[in-house]
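First comes the structure, then the notes that go with it.
The values are calculated or read from the model by the stated rules, or taken from the named source; none is laboratory data. If you're wondering where the values come from, they're calculated on a predicted model, not measured in any experiment. When we count neighbours, we look across all protein chains shown, and the Cβ atoms used for this are built from the backbone with ideal geometry, even at glycine. Only protein heavy atoms, including side chains, enter the accessible area calculation; ligands, DNA and RNA are left aside. Shrake-Rupley method; radii C 1.70, N 1.55, O 1.52, S 1.80 Å.
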Amino acid sequence: MAEAKSDLLQGTLDMLVLKTLALEPMHGWGISVRIRHISENVFDINQGSLYPALQRLRRKGWIKAEWQVTENNRRARYYRLTAAGRKRLNEELKNWERASAAVNRILRAAHAGG
Amino acid sequence: MKWLESLRERLAVLFHKKEFESEMAEELQFHIEQETQRNIDRGMHPSEARREALHSFGQVEKVKEEVRDETGVRPLEDCVQDIRYGVRTLRRNLGFTVAAVITLALGIGANTAIFTVVNSVLLRPLPYRDADRLAMVWGHMASTDVTKAPWSGLDYLDFKDRSRTFEDFAGTFAVNSTLSGDFEPEPIQLGWATPSFFDLLGVDPLIGRTLKESDFQNIDPEVFFDPEVEVPPSVAILSQELWGRRFGSDPSIIGRTVQVNGQPMEIIGVLPAGFKLYLPADASFPGVIDVWSVVPANLSEGTRDQQWLTIVGKLKPGVTAAQAQSEMDGIAEQFRAENQFHENVGMEIDVVPMQSDVVGHAKPVLLALLGAVGFVLLIACANVANLLLVRGQVRQREMAIRAALGGGRGRILRQMLTESAILAVLGGGAGLLLAFFGIDLLLAMRPENQPRVDDVGIDGTVLAFVAGVSLLAAFLFGTLPALQSSRPNLNESLRERGGGFGLGHHRMRNALVVAEVALSLVLLVGAGLMVRTFAELSKVKPGFDPENVLTLNVALPFFKYGFEQSTDFHLRLSERIKALPGVEAVGAVTPLPLAGGGQFWFGPYALNEASDEEWSKNEVDYRPSLPGLFEAMGTRLLAGRELEEADNRADAAPVVVVDEKLAEEAWPGKDAVGEQIMVMRPNQGEFQRYWATVVGVVEHTRYDDIRQDGRGLIYFPHKDWGWAEQNYVIRAGVDPAGLAGPIRSLIRELDPDIPASRVRPMAEYVGDALASTRFALILFTVFAGTALFLSALGLYGVISYSVRQRTREIGVRMAFGAERQRIVRLVLGQGLLLTGIGVGVGLVGAVLLTRVISSLLFGVTPTDPITYATITVILAAVALLACYVPAERATRVDPLVALRAE
């Protein structure tokens, strides 16, 4: 049971990361802040779980990593979307929209019926 | 190029681990520091800020592990770690490791050795182009059940003409010949071949060329027999061996002329090394042909009963042998309708793919050996599994700790399997080494007429086999112990708690030992049956006495000697040999018994004027001979007299000597001496029928197969078959090997152009006939012995361990006054119970499986009770011995020590 839940979470997290990076390249902490901010803390998962996700996305070739210097002259690993990553994001977005529209219809229908 | 990117990522991680780790640490550190700073900016106290940051981050080490998991190289890293750990463990328990590796090496090595032979002999395709399309076309004379008969020239032409399934045919015939030139004449094997021969086989010459259509000339056969007329020159192709031996591998040999049987031949090419025509042993085609030439005769002349051509055919692409066989069945029907001879003998045509023809006889033996050696491997695996199971119990503590530290069951399982794999690799390597020596040994022992044994070697297929077998072995012996080790609770239940000397809870180990005993029994029964077979074969009376008898072949060149001169020569030579000191008797016969070629020397007989149809119906073996034969061979004369010199005079009355088999068949119950029999002999290029008087009856001789009686025999005086080569049979008072030299001188004195060939003691031919049985026997015995040894070890191990486990119980019993005898009996009882069950299963298995080798047996049935009983007793005795030592040890337990220790 726990497995299925984390799978779902995994997929969602991947999408969030990709979306975040679609706007601009960012380091890991920055991504974490942005996600928390935009989702208004709904997704308050362990921050650490971001990093395995980043590694996974790197392995799949959807993001690329590069060490750069921040505004405060600190070294940080910046991530950016690859072309494949961008493509993947678009696909996922379409799937998500389709899925949520379907769920919406089901729920509405149930509601209307009941 | 997504996968390329990811591959690069993975390789980067693998090879730059330190960098990966430090970068990851830095990145996570960065995150935490940034988060801490953020918390401080929100107003938290620095230490609280940091605590809060760490808390919402999660466990750093855990995150690091998860990141490492996502790199995709984890499996590989784990594997490497498993291997390193496995090697360390094995090194720590060197005794166990060595025992296991040696056991595996025995099993795998034996299997590899046998498989190498199987591969080279049975599996490898013949060294010709499109070898799978080559098929032998044999004659099968149903009336006399002669198989693998050759054809006449007319038959060959008919095949070429009529067949739609074959692309082409080639025919060949071997002739004992003499090679001469500006050197000492030497005896060679000459192979006549139709021009299509080398193209059909797809053989390219080393230098020069092979035959082509234009090489064929139409030579009148008379020319060969007339010493006055010069024979037109032909072409010759040398074997690579002859080229090296006689001509020093001189490349300018092409174009030179040599004489073969007095006929000049221009050398047009040399064949590649090792070229030979692979034919089954009973086709009587010589293994080595020194010179090939084109058939000299016009194939459309001659008669259908002059069968001399061995025919090979090449099937058209896509045509199966079965299809060709049906077509040939139709052609055979046409033959029988068109030709009297074919109808008389009930001629049929057998199409046999060349490869299966060559190896046919070897197949059952090799497959049986492969099965036997497979059993040895199973037993070896069972022993190693047992060893691992014991070690598994010993390592319980280690496993418990690992489980406590979070090593999942899967991980432990993987670790155990890795150790098994390492053992298997070591065992496989050692086995391969053993196989090297084993193969040399096998080849040294091999019988002469085993097909294709000249190029047995370890090649890619064999290496693949070793790898495969090692893997299989690892799976067989490793799985069970690994499963058990990864379930510590099960181990608990394996502890013996009280109870009697029953089988206890060591079910797995006991089952393994029972299986080993059963397998060993089957192998031992097989070996026992082979021993009986060999003994029975050795007892067979072949109809002659080979002790102190020397044989040699004297073939007179037919271009120099006509019938009369030939007879004269042989009689004079006989006389001279007889005069040598030490010689008791001299005779000659063609061919020699058990030397091969016997089935070609046959002919018809009749008791009254037979019509043409009936004439060929009765076929017996014909044996041209020289006087003194029976005395020299030690064949008993049962009635009448032997053939004499006087019978060889040109004006002598035609006589023959028959053997008891023919006598019984033709004149049952009567005395054959004095009877008339119609036989045939060659006369001026044709076969002439004539009446002969039977002057003597001798005991039957087995010529073809020592296992079978064979047909009846008619012995002719040499003059009736004047062109026959003769094999001299010389009986001497002592070992006649020393006579070879003097005899050669005698021959040289009479005619320096004539060599003596195939000088061998007669006993060697008998030995060869038994050779393949002896070969199978030795191997079976070695395997059975190894199996028995390994099983005894297994049994010893299980009983020893059981005794150790029950030390406490033994102590209790002894404290309560049990005598040593009783303890011994208890332990032995357990051992014998296991053995008994194993024997029971084994006997059933043996009865079912020995059917497989029934074709190898002689004089004994696969379910021979004596063999089974003897083997069971032997096995039981060995088992008893194996159990006795631990039983003995059990009695030396000091009850006080045993009771205290727990």
- [ ] Count charges around residue B:819 for me, please; just the other residues with Cβ under 11 Å from its Cβ, Lys/Arg as +1, Asp/Glu as -1.
- [x] +4
Open item on the list: What are the equivalent ellipsoid semi-axes of the stretch B:514-566, built from the alpha-carbon gyration tensor (square roots of five times its eigenvalues), in whole angstrom, biggest first?
Closed with: 51, 15, 8
TODO: Of all alpha-carbon pairs in the stretch B:251-332, indicate the percentage at a distance above 19 angstrom.
DONE: 64 percent
TODO: Calculate how steeply helix B:507-539 sits against the longest principal axis of the alpha-carbon atoms of chain B, using the helix alpha-carbon long axis, and give the answer as 0 to 90 degrees to the nearest 10.
DONE: 10 degrees
Open item on the list: Is the C-alpha gyration tensor of the stretch B:141-213 telling us rounded, prolate or oblate? Criteria: a/c under 1.5 is rounded; beyond that, a/b larger than b/c is prolate, otherwise oblate.
Closed with: oblate
TODO: Quick one: grab the alpha carbon gyration tensor of the stretch B:331-370, order the square roots of its eigenvalues as a ≥ b ≥ c, and give me rounded if a/c is under 1.5, else prolate or oblate depending on whether a/b is larger than b/c.
DONE: prolate
Open item on the list: Suppose all protein chains stay in the model; what accessible area per residue would a 1.4 Å probe give for the stretch B:1-156, in Å²?
Closed with: 50 Å²
TODO: Could you state the angle between the C-alpha long axis of helix B:820-849 and the longest principal axis of the C-alpha atoms of chain B, as a value from 0 to 90 degrees rounded to the nearest 10?
DONE: 50 degrees
TODO: On a C-alpha basis, how far is the centre of the stretch B:40-65 from the centre of the stretch B:644-693 in Å? Whole number, if you could?
DONE: 118 Å
- [ ] Give the long-range amide H neighbours of residue A:82: residues separated by 5 or more places, or on another chain, with amide H under 5 Å away, using H modelled in the peptide plane at 1.01 Å from N.
- [x] A:63, A:64
TODO: Over 30 Å between C-alpha atoms is what I'm after, so list which of B:148/B:316; A:94/B:62; B:148/B:276 land there.
DONE: A:94/B:62
Open item on the list: Averaged over its residues, how many other protein chain Cβ atoms are within 10 Å of peptide B:17-30's Cβ atoms?
Closed with: 2
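Once you average over the residues of A:52-63, how many Cβ atoms of partner chains fall within 10 Å of each Cβ?
On the way: counts 10, 3, 3, 10, 6, 1, 6, 11, 7, 9, 3, 0.
Mean number of neighbouring Cβ atoms from other chains: 6.
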Open item on the list: Between the stretch B:400-435 and the stretch B:851-902, how far is it from one alpha carbon centroid to the other, in angstrom?
Closed with: 32 Å
Task: 5 angstrom amide H check on residue A:27, placed H, neighbours 5+ away - done: A:79
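As a test of the definition: with a 1.4 Å probe, what buried accessible area, both sides summed, do you compute for B against A, in Å² to the nearest 100?
Buried area between the two chains comes out at roughly 2500 Å².
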- [ ] Please report, in cubic angstrom per residue, the volume enclosed by the convex hull of the alpha-carbon atoms of the protein assembly as shown.
- [x] 308 Å³
Open item on the list: What percent of all Cα-Cα pairs in the stretch B:805-851 falls into each 5 Å bin, going from 0 up to the bin containing the maximum distance?
Closed with: 5, 19, 18, 15, 10, 10, 8, 7, 5, 3, 0
Task: Enclosed volume per residue, in Å³, of the convex hull spanned by Cα atoms of the stretch B:343-471 - done: 167 Å³
Open item on the list: Taking the Cα centroid of the stretch B:521-593 and of the stretch B:354-390, what is the distance between the two, rounded to the nearest whole Å?
Closed with: 38 Å
Task: Positive minus negative residues near residue B:578 (Lys, Arg vs Asp, Glu; Cβ under 13 Å) - done: -1
Open item on the list: How big is the dipole moment of the stretch B:89-179 about its Cα centre under a simple scheme where the beta carbon of each Lys and Arg is +1, that of each Asp and Glu is -1, and everything else is neutral? Debye, nearest 20, please.
Closed with: 680 debye
Open item on the list: Skipping prolines and chain starts, which residues have an amide H placed within reach, meaning under 5 Å, of the one on residue B:620, given they are 5 or more residues away or on another chain?
Closed with: B:603, B:605
Open item on the list: Just checking the output field for B:54-66: average partner chain Cβ neighbours within 10 Å of each residue's Cβ?
Closed with: 4
Task: Accessible surface of chain B, 1.4 Å probe, proportion on carbon and sulfur as whole % - done: 58 percent
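Show that you can apply the helix-only estimate: for chain B, add -39,500 (n - 2.57) for every DSSP H stretch of four or more residues, divide by all residues, and state [θ] at 222 nm to the nearest 500. Display every interim value, and only then the final one.
Values: 29 runs with 468 residues, N = 902.
Calculated at 222 nm, the ellipticity per residue is -17000 deg cm²/dmol.
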Open item on the list: If I take the Cα coordinates of chain B and project them onto the principal axes, what are the three extents in Å, biggest first?
Closed with: 136, 81, 53
Task: ³J(HN,Hα) computed for each position of the stretch B:388-400 - Karplus, 6.51 cos²θ - 1.76 cosθ + 1.60, integer Hz, glycine/proline x - done: 5, 4, 4, 4, x, 5, 5, 8, 3, 4, 4, 5, 4
Open item on the list: How tilted is helix B:460-485 with respect to the longest principal axis of chain B? Cα atoms for both, answer in degrees (0 to 90, nearest 10).
Closed with: 40 degrees
Task: Using θ = phi - 60° and Karplus 6.51 cos²θ - 1.76 cosθ + 1.60, couplings along the stretch B:170-187 (whole Hz; Gly, Pro as x) - done: 9, x, 8, 8, 9, 10, 5, 9, 10, 9, 9, x, 8, 8, 4, x, 10, x
Open item on the list: Can you classify the stretch B:609-768 as rounded, prolate or oblate using the Cα gyration tensor, where a ≥ b ≥ c are the square roots of its eigenvalues, rounded means a/c under 1.5, and otherwise it's prolate if a/b beats b/c and oblate if not?
Closed with: prolate
Task: Stokes-Einstein D for the stretch A:23-79, Kirkwood Rh over Cα pairs, 25 °C, 0.890 mPa s (µm²/s) - done: 202 µm²/s
- [ ] Report the percentage of all Cα-Cα pairs in the stretch B:382-432 whose separation exceeds 13 Å, rounded to a whole percent.
- [x] 66 percent
Open item on the list: Two decimals, Cα atoms only, Kirkwood Rh: what is Rg/Rh over the stretch B:49-140?
Closed with: 1.44
